[in-house]
1. Kindly evaluate residue 120 against the criterion of being modelled with pLDDT of 85 or more and either of a type outside the set (D, E, K, R) or touching a strand residue (DSSP E or B) at 6+ places or on another chain (Cβ under 7 Å) (or both).
2. If you go through the stretch 49-62 one residue at a time, do you hit one that is part of a helix (DSSP H, G or I) and either small (Gly, Ala, Ser) or in contact with a Gly (Cβ under 8 Å, 6 or more places away or on another chain) (or both)?
3. Six or more apart or on different chains, Cβ under 7 Å: which pairs go from a residue in the stretch 47-67 that's under 30 Å from residue 136 (Cβ atoms) to one that's modelled with pLDDT under 85 and part of a loop (DSSP other than H, G, I, E, B)? Could you list them?
4. Considering each residue of the stretch 134-160, count those that are surrounded by 10 or more Cβ atoms within 10 Å (Cβ to Cβ) and either of a type in the set (Asp, Glu) or farther than 14 Å from residue 27 by Cβ (or both), and give that number.
5. State which residue pairs qualify: first residue of a type in the set (Phe, Trp, Tyr) and inside the stretch 70-87, second residue open to solvent by less than 100 Å² (accessible area, probe 1.4 Å) and at pLDDT below 70 in any location, beta carbons under 9 Å apart, and separation of 6 or more residues or different chains.
6. Search the stretch 147-160 for residues that are within 15 Å of residue 35 (Cβ to Cβ) and in contact (Cβ under 8 Å) with a residue 40 or more places away in the chain and pair each with any residue that is surrounded by 12 or more Cβ atoms within 10 Å (Cβ to Cβ) and of a type outside the set (Phe, Trp, Tyr) when their beta-carbon atoms are under 7 Å apart and the residues are at least 6 apart or on different chains.
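The values are calculated or read from the model by the stated rules, or taken from the named source; none is laboratory data. Treat the numbers as computed from the prediction; the structure is a model and nothing was measured. Using ideal geometry, Cβ is built from the backbone for each residue, glycine included, and neighbour counts are taken over all protein chains shown. Quick note on the areas: whole protein, heavy atoms, side chains included, nothing else; ligands and nucleic acids left out. Shrake-Rupley method; radii C 1.70, N 1.55, O 1.52, S 1.80 Å.
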Amino acid sequence: MKKLSLFFAFITLVYLCLWAGFGGIFALNFTFALVSFLLIVFIVFYLQKRKIDSLIQNASKEELEALSEAYKSKQERLEEEEEEFFAKDSNSTLEQKTTEIPQSQGIPLKKRKFWHNFSAINTKTGVKMFFLPLRLFAYGFLVVGILLLIKQQSFDVFAFFSGLVVANLLILVMLLFARTN
């Protein structure tokens with residue numbers, strides 16, 4: 001609750017500063033773009049977090065171990081491979097080296113065309129992810145807000161895109177602070 005009140009205090013401060021510096025229409029468009037973009041990002045984050053939490057709760061022990069193995073850091077994997085390499089006998093490594101096929105003689109990978117990456121399963125998953133009520137609400141808020149601003153003849157493109165840029169920068173700053181803590 002404290003973070004939410006700080007967020008609204010920050011938005012109010014930004015709005016008042018913009019109102020004083022650039023005028024009401026600029027401040028309105030800038031703030032609307034900032035709030036609507038942050039709303040979309042936080043709703044998407046919330047839905048993904050909820051989906052991941054439910055998957056983890058319903059997963060078996062083997063699936064959780066496989067998941068933790070998949071997310072091991074690259075350094076940990078290299079250290080494990082190095083330990084395995086030095087642990088083997090020198091005789092077994094010589095035999096493995098003579099039986100391995102060199103990379104240059106391996107089967108070349110087939111290049112896939114862009115359109116071959118699309119499948120019915122990927123399309124179905126994408127549609128299911130997009131048409132969630134909260135996500136539709138967030139996008140609807142953005143579209144209806146833009147249409148209302150255009151109808152009132154107070155839509156300022158520069159101010160709107162400035163708000164989107166600042167919203168992206170705020171997200172990056174928040175991620176940077178989250179990583180440092």
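1. Answer is no for this residue.
2. Yes - at least one qualifying residue is present in the stretch 49-62.
3. Matching pairs, first to second residue: 47/132.
4. Start the filter on the stretch 134-160 by keeping residues that are surrounded by 10 or more Cβ atoms within 10 Å (Cβ to Cβ), which leaves 134-150, 152, 154-156, 158-160.
The next check asks that each one be either of a type in the set (Asp, Glu) or farther than 14 Å from residue 27 by Cβ (or both); those that pass are 134-148, 150, 152, 156.
Summing the residues that are surrounded by 10 or more Cβ atoms within 10 Å (Cβ to Cβ) and either of a type in the set (Asp, Glu) or farther than 14 Å from residue 27 by Cβ (or both) in the stretch 134-160 gives 18.
5. Listed pairs, sorted by first residue: 85/93.
6. 149/29; 159/29; 160/29; 160/33
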